[in-house]
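Working notes, structure below.
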Amino acid sequence: MKRLVQCAMALILTACSGAPFTFVHMSDTQIGFIDPSPVYWKSDSLMAAAVKDVNGICPEMVFITGDLINEPYNTVQDSIYRTRKAEIKAPVYEVPGNHDIMKFTQEKRQHYLDWRGYDRFSFTSHGCAFIGIDSNCIKDGDAAAEAAQKEWLVEELSKAARARYTFIFLHCPVIRESLDEEEDYFNFPLDKRREYISLFKEYGVDAVFAGHTHMDYSTVQDGISFYTAGPVGSPLGRGFSGYNVVRVSKTGFSAEYVKTGSR
């Protein structure tokens, strides 16, 4: 209870004073990915450890960029995810990953909406704009769904024209390290990279946060910072379980990828 009171007070103070604030970017909690059994204790324990860390940081907001669970609509995985998410002592915003939908269709999108309530978000806080989108319709090539989402995105970006900083959240990275990197499972097609980076540049987007790779990356393209978080759950390759801690002030922002359990 003491920690909860302290977090609530921090929210009030930063909101009232305009002081620097912190938010956390998590991705790929993916309950069930590393232990496909009815118990799922490994991925549960990794998310529990990350939540404990994050509550110790006492951020203003937490963003989870997809792959919330490993199998869409698995009720046991979902129950574990929702339980751990409810333990986070800050508002949580999430967008779907590929494992939350498994090949985009309008019917699967509606099913996701029935479970989660939304698949994109947009709001302002501390003079900053926070916008989340669903990368599945882009990556899976559903032109109609992507066009509808892009129309909404342009409208929200237009509203954010006077924001101090504009932050975008999605699951699949637009790029990991460079605009001309090879296209694969873990990034956008080249034409879509150019399209969205051009859009983000036009509307003054400052940073884009993604996941999906189970390894952390960061790069800058056309003045926009791109951050790819490693997983809360099981890492791949050189990756390790963790989350991004993003610190925002009047003069700038920074993102630090932190290993779970290192705080």
Mind listing just one residue for me: the one in region 222-242 that is in contact with a strand residue (DSSP E or B) (Cβ under 6 Å, 6 or more places away or on another chain) and in a loop (DSSP other than H, G, I, E, B) and, of those, surrounded by the fewest Cβ atoms within 10 Å (Cβ to Cβ)?
Phe240
Which residue, of Val245, Val205, is buried (at least 21 other Cβ atoms within 10 Å of the Cβ) and either assigned to a loop (DSSP other than H, G, I, E, B) or not hydroxyl-bearing (Ser, Thr, Tyr) (or both)?
Val205
Selection from region 192-202 of residues that are of a type in the set (A, V, I, L, M, F, W, C) and either under 20 Å from Phe253 (Cα atoms) or in a loop (DSSP other than H, G, I, E, B) (or both):
Ile197, Phe200
In region 225-232, is there at least one residue being under 26 Å from Ala19 (Cα atoms) and not small (Gly, Ala, Ser)?
yes
Across region 203-221, what is the number of residues that are out of contact with any Asp or Glu (no Cβ under 9 Å at 6 or more places or on another chain) and without any contact (Cβ under 8 Å) to a residue 40 or more places away in the chain?
2
Scanning region 165-175 for residues that are not in a strand (DSSP E or B) and not hydroxyl-bearing (Ser, Thr, Tyr) gives Leu170, His171, Cys172, Pro173, Val174, Ile175
Exclusive hit being modelled with pLDDT of 95 or more and over 21 Å from Val246 (Cα atoms), set Ser45, Ser37
Ser45
If the requirement is being among the β-branched types (Val, Ile, Thr) and crowded, with 20+ Cβ neighbours inside 10 Å, which of these qualifies: Thr260, Thr219, Thr251?
Thr260
So Arg162 ticks every box in (1) in a loop (DSSP other than H, G, I, E, B); (2) surrounded by fewer than 23 Cβ atoms within 10 Å (Cβ to Cβ); (3) modelled with pLDDT of 95 or more but one. Which box is left unticked?
(3)
Report every pair of residues separated by at least 6 positions or lying on different chains whose Cβ atoms are under 8 Å apart, first residue within region 119-139 and closer than 13 Å to Glu60 by Cβ, second assigned to a helix (DSSP H, G or I).
Ser125/Ala15; His126/Thr14; His126/Ala15
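The values are calculated or read from the model by the stated rules, or taken from the named source; none is laboratory data. Note that the structure is predicted; figures quoted are calculated from it, not measured. Positions of Cβ are generated from backbone atoms using ideal geometry, with glycine treated the same way; all protein chains shown enter the neighbour counts.
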